[in-house]
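*Asks:* The structure under discussion is supplied below as C-alpha coordinates; questions concerning it will follow.
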Amino acid sequence: MKATPQIQQLLLLVANLDLDISRLEVEKAAILSGSAVDKLRVDLTVASESLLSARVAEENIELEIRKTASDLDSVEKRIAHDKNLLSQSSSPREIEGIESELRSLKARQSDLEDAELALLDQLESAKSVRDAAEAKRKDAAAVLEALEAKNQSDLLKLTSGLDVTRHERASKAGELPTEVFERYEKLHSRGIGAAHLIGRECGACRLALTAAAYDEVVGTASDELPSCPNCQALLIR
(Lines give C-alpha, C1' and ligand atoms only; values in the text may rest on other atoms or scores of the structure.)
Protein backbone atom coordinates (compact mmCIF):
# COMPACT_ATOMS: atom_id res chain seq x y z
CA MET A 1 0.00 0.00 0.00
CA LYS A 2 1.37 3.40 -1.01
CA ALA A 3 1.70 6.10 1.65
CA THR A 4 4.10 9.01 1.71
CA PRO A 5 6.31 9.42 4.78
CA GLN A 6 4.09 12.35 5.82
CA ILE A 7 0.95 10.16 5.59
CA GLN A 8 2.73 7.42 7.54
CA GLN A 9 3.55 9.85 10.35
CA LEU A 10 -0.04 11.09 10.31
CA LEU A 11 -1.22 7.46 10.53
CA LEU A 12 1.07 6.87 13.50
CA LEU A 13 -0.41 9.96 15.18
CA VAL A 14 -3.93 8.59 14.67
CA ALA A 15 -2.84 5.23 16.11
CA ASN A 16 -1.36 6.96 19.16
CA LEU A 17 -4.56 8.96 19.62
CA ASP A 18 -6.53 5.70 19.49
CA LEU A 19 -4.27 4.31 22.22
CA ASP A 20 -4.92 7.43 24.30
CA ILE A 21 -8.67 7.04 23.77
CA SER A 22 -8.54 3.39 24.84
CA ARG A 23 -6.55 4.27 27.95
CA LEU A 24 -8.94 7.06 28.91
CA GLU A 25 -11.96 4.81 28.33
CA VAL A 26 -10.47 2.12 30.57
CA GLU A 27 -9.79 4.66 33.33
CA LYS A 28 -13.31 6.05 33.01
CA ALA A 29 -14.87 2.58 33.06
CA ALA A 30 -12.88 1.70 36.19
CA ILE A 31 -14.31 4.74 37.99
CA LEU A 32 -17.85 4.13 36.74
CA SER A 33 -17.70 0.49 37.86
CA GLY A 34 -17.56 1.85 41.39
CA SER A 35 -15.57 -1.15 42.70
CA ALA A 36 -13.23 0.98 44.81
CA VAL A 37 -16.12 3.06 46.17
CA ASP A 38 -18.16 -0.09 46.86
CA LYS A 39 -15.30 -1.52 48.94
CA LEU A 40 -15.06 1.67 50.98
CA ARG A 41 -18.83 1.67 51.48
CA VAL A 42 -18.56 -1.86 52.85
CA ASP A 43 -15.78 -0.66 55.16
CA LEU A 44 -18.01 2.21 56.31
CA THR A 45 -20.93 -0.16 56.92
CA VAL A 46 -18.73 -2.48 58.99
CA ALA A 47 -17.38 0.49 60.97
CA SER A 48 -20.93 1.78 61.54
CA GLU A 49 -22.09 -1.61 62.77
CA SER A 50 -19.10 -1.83 65.13
CA LEU A 51 -19.91 1.63 66.47
CA LEU A 52 -23.55 0.67 66.99
CA SER A 53 -22.51 -2.47 68.87
CA ALA A 54 -20.12 -0.44 71.02
CA ARG A 55 -22.84 2.08 71.86
CA VAL A 56 -25.32 -0.68 72.74
CA ALA A 57 -22.74 -2.34 75.00
CA GLU A 58 -22.05 1.00 76.70
CA GLU A 59 -25.76 1.70 77.17
CA ASN A 60 -26.33 -1.77 78.63
CA ILE A 61 -23.60 -1.22 81.19
CA GLU A 62 -25.01 2.21 82.07
CA LEU A 63 -28.42 0.56 82.53
CA GLU A 64 -26.88 -2.02 84.85
CA ILE A 65 -25.14 0.74 86.80
CA ARG A 66 -28.44 2.60 87.26
CA LYS A 67 -30.17 -0.60 88.34
CA THR A 68 -27.36 -1.43 90.78
CA ALA A 69 -27.40 2.12 92.14
CA SER A 70 -31.16 1.90 92.63
CA ASP A 71 -30.84 -1.44 94.43
CA LEU A 72 -28.04 -0.03 96.57
CA ASP A 73 -30.16 3.00 97.47
CA SER A 74 -33.02 0.72 98.53
CA VAL A 75 -30.68 -1.37 100.69
CA GLU A 76 -29.17 1.74 102.32
CA LYS A 77 -32.63 3.09 103.08
CA ARG A 78 -33.62 -0.28 104.57
CA ILE A 79 -30.46 -0.28 106.70
CA ALA A 80 -31.25 3.23 107.95
CA HIS A 81 -34.81 2.14 108.69
CA ASP A 82 -33.68 -0.95 110.62
CA LYS A 83 -31.12 1.04 112.59
CA ASN A 84 -33.85 3.44 113.58
CA LEU A 85 -36.05 0.51 114.68
CA LEU A 86 -33.12 -1.00 116.57
CA SER A 87 -32.55 2.20 118.49
CA GLN A 88 -36.19 2.24 119.58
CA SER A 89 -36.69 -1.45 120.32
CA SER A 90 -36.41 -3.00 123.79
CA SER A 91 -37.49 -6.53 122.88
CA PRO A 92 -34.56 -8.98 122.80
CA ARG A 93 -36.35 -11.12 120.21
CA GLU A 94 -37.13 -8.13 118.00
CA ILE A 95 -33.59 -6.82 118.39
CA GLU A 96 -32.19 -10.19 117.36
CA GLY A 97 -34.38 -10.22 114.27
CA ILE A 98 -33.41 -6.69 113.30
CA GLU A 99 -29.70 -7.39 113.80
CA SER A 100 -29.97 -10.53 111.67
CA GLU A 101 -31.61 -8.55 108.90
CA LEU A 102 -28.98 -5.83 109.20
CA ARG A 103 -26.21 -8.40 108.73
CA SER A 104 -27.91 -9.63 105.55
CA LEU A 105 -28.43 -6.09 104.35
CA LYS A 106 -24.78 -5.19 105.03
CA ALA A 107 -23.65 -8.23 103.00
CA ARG A 108 -26.00 -7.23 100.20
CA GLN A 109 -24.71 -3.66 100.37
CA SER A 110 -21.11 -4.85 100.07
CA ASP A 111 -21.97 -7.07 97.07
CA LEU A 112 -23.76 -4.21 95.33
CA GLU A 113 -20.89 -1.78 95.97
CA ASP A 114 -18.40 -4.30 94.51
CA ALA A 115 -20.70 -4.85 91.53
CA GLU A 116 -21.02 -1.11 91.01
CA LEU A 117 -17.22 -0.65 91.03
CA ALA A 118 -16.81 -3.52 88.54
CA LEU A 119 -19.49 -2.02 86.30
CA LEU A 120 -17.77 1.38 86.42
CA ASP A 121 -14.53 -0.28 85.27
CA GLN A 122 -16.47 -2.01 82.47
CA LEU A 123 -18.04 1.31 81.49
CA GLU A 124 -14.64 2.96 81.20
CA SER A 125 -13.46 0.15 78.90
CA ALA A 126 -16.70 0.34 76.90
CA LYS A 127 -16.25 4.09 76.41
CA SER A 128 -12.73 3.49 75.10
CA VAL A 129 -14.05 0.88 72.65
CA ARG A 130 -16.81 3.27 71.58
CA ASP A 131 -14.33 6.15 71.10
CA ALA A 132 -12.12 3.92 68.94
CA ALA A 133 -15.15 2.77 66.92
CA GLU A 134 -16.27 6.38 66.40
CA ALA A 135 -12.79 7.36 65.22
CA LYS A 136 -12.65 4.40 62.83
CA ARG A 137 -16.07 5.21 61.38
CA LYS A 138 -15.11 8.87 61.01
CA ASP A 139 -11.94 7.89 59.15
CA ALA A 140 -13.87 5.47 56.90
CA ALA A 141 -16.43 8.17 56.09
CA ALA A 142 -13.68 10.69 55.32
CA VAL A 143 -11.84 8.27 53.02
CA LEU A 144 -15.07 7.45 51.17
CA GLU A 145 -15.98 11.12 50.81
CA ALA A 146 -12.49 11.96 49.52
CA LEU A 147 -12.57 9.14 46.95
CA GLU A 148 -16.06 10.11 45.75
CA ALA A 149 -14.92 13.72 45.33
CA LYS A 150 -11.75 12.59 43.51
CA ASN A 151 -13.76 10.29 41.26
CA GLN A 152 -16.11 13.12 40.37
CA SER A 153 -13.18 15.39 39.52
CA ASP A 154 -11.39 12.62 37.59
CA LEU A 155 -14.55 11.81 35.62
CA LEU A 156 -14.88 15.41 34.53
CA LYS A 157 -11.23 15.48 33.42
CA LEU A 158 -11.46 12.11 31.65
CA THR A 159 -14.68 13.07 29.86
CA SER A 160 -13.13 16.35 28.75
CA GLY A 161 -9.93 14.56 27.70
CA LEU A 162 -11.88 12.00 25.71
CA ASP A 163 -13.87 14.70 23.91
CA VAL A 164 -10.71 16.58 22.96
CA THR A 165 -8.82 13.44 21.92
CA ARG A 166 -11.73 12.08 19.86
CA HIS A 167 -12.12 15.42 18.13
CA GLU A 168 -8.41 15.53 17.30
CA ARG A 169 -8.52 11.90 16.14
CA ALA A 170 -11.46 12.60 13.83
CA SER A 171 -9.66 15.64 12.43
CA LYS A 172 -6.39 13.80 11.78
CA ALA A 173 -8.12 10.68 10.44
CA GLY A 174 -9.98 12.88 7.97
CA GLU A 175 -6.64 13.88 6.45
CA LEU A 176 -5.70 10.28 5.63
CA PRO A 177 -6.31 8.85 2.16
CA THR A 178 -9.45 6.72 2.11
CA GLU A 179 -7.61 3.50 1.24
CA VAL A 180 -5.07 3.95 4.03
CA PHE A 181 -7.74 4.87 6.58
CA GLU A 182 -9.98 1.92 5.68
CA ARG A 183 -7.05 -0.51 5.93
CA TYR A 184 -6.07 0.98 9.27
CA GLU A 185 -9.65 0.86 10.63
CA LYS A 186 -9.95 -2.82 9.73
CA LEU A 187 -6.74 -3.61 11.59
CA HIS A 188 -7.64 -1.31 14.47
CA SER A 189 -10.94 -3.14 15.00
CA ARG A 190 -8.87 -6.24 15.88
CA GLY A 191 -6.24 -4.48 17.97
CA ILE A 192 -3.53 -1.89 17.29
CA GLY A 193 -3.74 -0.87 13.65
CA ALA A 194 -0.38 0.83 13.24
CA ALA A 195 2.76 1.21 15.30
CA HIS A 196 6.37 2.29 15.24
CA LEU A 197 9.11 -0.18 14.37
CA ILE A 198 11.48 0.17 17.35
CA GLY A 199 14.76 -1.48 16.43
CA ARG A 200 13.57 -4.94 15.39
CA GLU A 201 10.53 -4.85 17.68
CA CYS A 202 6.97 -4.19 16.55
CA GLY A 203 5.46 -1.44 18.68
CA ALA A 204 2.00 -3.09 18.45
CA CYS A 205 2.61 -6.71 19.52
CA ARG A 206 6.03 -6.07 21.11
CA LEU A 207 7.48 -9.09 19.35
CA ALA A 208 10.85 -8.99 17.64
CA LEU A 209 10.91 -9.57 13.91
CA THR A 210 13.10 -12.35 12.58
CA ALA A 211 16.20 -11.26 10.72
CA ALA A 212 14.59 -12.10 7.39
CA ALA A 213 11.32 -10.31 8.23
CA TYR A 214 13.23 -7.27 9.49
CA ASP A 215 15.31 -7.09 6.31
CA GLU A 216 12.13 -7.30 4.24
CA VAL A 217 10.45 -4.50 6.20
CA VAL A 218 13.37 -2.09 6.15
CA GLY A 219 13.99 -2.94 2.50
CA THR A 220 10.48 -1.80 1.56
CA ALA A 221 10.32 1.48 -0.35
CA SER A 222 9.85 4.54 1.85
CA ASP A 223 6.44 5.24 0.32
CA GLU A 224 5.18 1.70 1.05
CA LEU A 225 3.43 0.56 4.24
CA PRO A 226 4.84 -2.80 5.40
CA SER A 227 3.02 -4.97 7.94
CA CYS A 228 4.21 -6.82 11.01
CA PRO A 229 4.38 -10.54 10.16
CA ASN A 230 3.23 -11.38 13.69
CA CYS A 231 0.18 -9.11 14.26
CA GLN A 232 -0.31 -7.54 10.78
CA ALA A 233 -0.17 -4.00 12.19
CA LEU A 234 1.09 -1.39 9.74
CA LEU A 235 4.68 -0.58 10.60
CA ILE A 236 6.01 2.98 10.55
CA ARG A 237 9.77 3.08 10.24
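The values are calculated or read from the model by the stated rules, or taken from the named source; none is laboratory data. Because the structure is predicted, anything quoted here is derived from the model rather than measured. A quick note on method: Cβ atoms are made from the backbone with ideal geometry, for glycine too, and the neighbour counts reach across all protein chains shown. For the accessible areas, the whole protein counts, side chains as well, though only heavy atoms, and no ligand, DNA or RNA atoms are used. Shrake-Rupley method; radii C 1.70, N 1.55, O 1.52, S 1.80 Å.
*Asks:* Can you give me the number of residues within segment 172-198 that are of a type outside the set (A, V, I, L, M), in a loop (DSSP other than H, G, I, E, B) and open to solvent by 50 Å² or more (accessible area, probe 1.4 Å)? Give the steps one after another, and end with the answer.
*Replies:* To start, the set of residues in segment 172-198 that are of a type outside the set (A, V, I, L, M) comprises 172, 174-175, 177-179, 181-186, 188-191, 193, 196.
Pick out the ones that are also in a loop (DSSP other than H, G, I, E, B) and you get 174-175, 177, 189-191, 193.
From what's left, open to solvent by 50 Å² or more (accessible area, probe 1.4 Å): 174-175, 177, 189-190.
The total comes to 5.
*Asks:* Of these, Ala204, Ala212, which one is part of a helix (DSSP H, G or I), within 19 Å of Cys228 (Cβ to Cβ) and not β-branched (Val, Ile, Thr)?
*Replies:* On the way: Ala204 fails: part of a helix (DSSP H, G or I).
Among Ala204, Ala212, only Ala212 is part of a helix (DSSP H, G or I), within 19 Å of Cys228 (Cβ to Cβ) and not β-branched (Val, Ile, Thr).
*Asks:* A follow-up question, please. Pick from Ala115, Ala133: which is within 30 Å of Ala47 (Cβ to Cβ) and assigned to a helix (DSSP H, G or I)? Steps first, please.
*Replies:* Values: Ala115 fails: within 30 Å of Ala47 (Cβ to Cβ).
Unique residue meeting the criteria: Ala133.
*Asks:* Is there any pair with a first residue in segment 137-149 that is under 10 Å from Asp43 (Cα atoms) and without any contact (Cβ under 8 Å) to a residue 40 or more places away in the chain and a second that is open to solvent by less than 80 Å² (accessible area, probe 1.4 Å) and outside any helix (DSSP H, G or I) whose Cβ atoms are under 6 Å apart and which are 6 or more apart or on different chains, and what are they?
*Replies:* From residues that are under 10 Å from Asp43 (Cα atoms) and without any contact (Cβ under 8 Å) to a residue 40 or more places away in the chain, there are no pairs.
*Asks:* Which of (1) exposed (fewer than 13 other Cβ atoms within 10 Å of the Cβ); (2) at pLDDT 95 or above is the odd one out, the single condition Leu32 does not satisfy?
*Replies:* It fails just one condition, (2).
*Asks:* Identify, by number, the condition in (1) polar (S, T, N, Q); (2) more than 24 Å from Leu40 (Cα to Cα); (3) open to solvent by 70 Å² or more (accessible area, probe 1.4 Å) that Ser89 doesn't meet.
*Replies:* Checking Ser89 against (1) polar (S, T, N, Q); (2) more than 24 Å from Leu40 (Cα to Cα); (3) open to solvent by 70 Å² or more (accessible area, probe 1.4 Å), the one that fails is (3).
*Asks:* Given the residues Glu49, Glu94, Glu64, which is the only one that is surrounded by 13 or more Cβ atoms within 10 Å (Cβ to Cβ), more than 30 Å from Leu162 (Cα to Cα), at pLDDT 95 or above and not basic (Lys, Arg)?
*Replies:* Values: Glu49 fails: surrounded by 13 or more Cβ atoms within 10 Å (Cβ to Cβ); Glu94 fails: at pLDDT 95 or above.
Selected residue: Glu64, the only one of Glu49, Glu94, Glu64 that is surrounded by 13 or more Cβ atoms within 10 Å (Cβ to Cβ), more than 30 Å from Leu162 (Cα to Cα), at pLDDT 95 or above and not basic (Lys, Arg).
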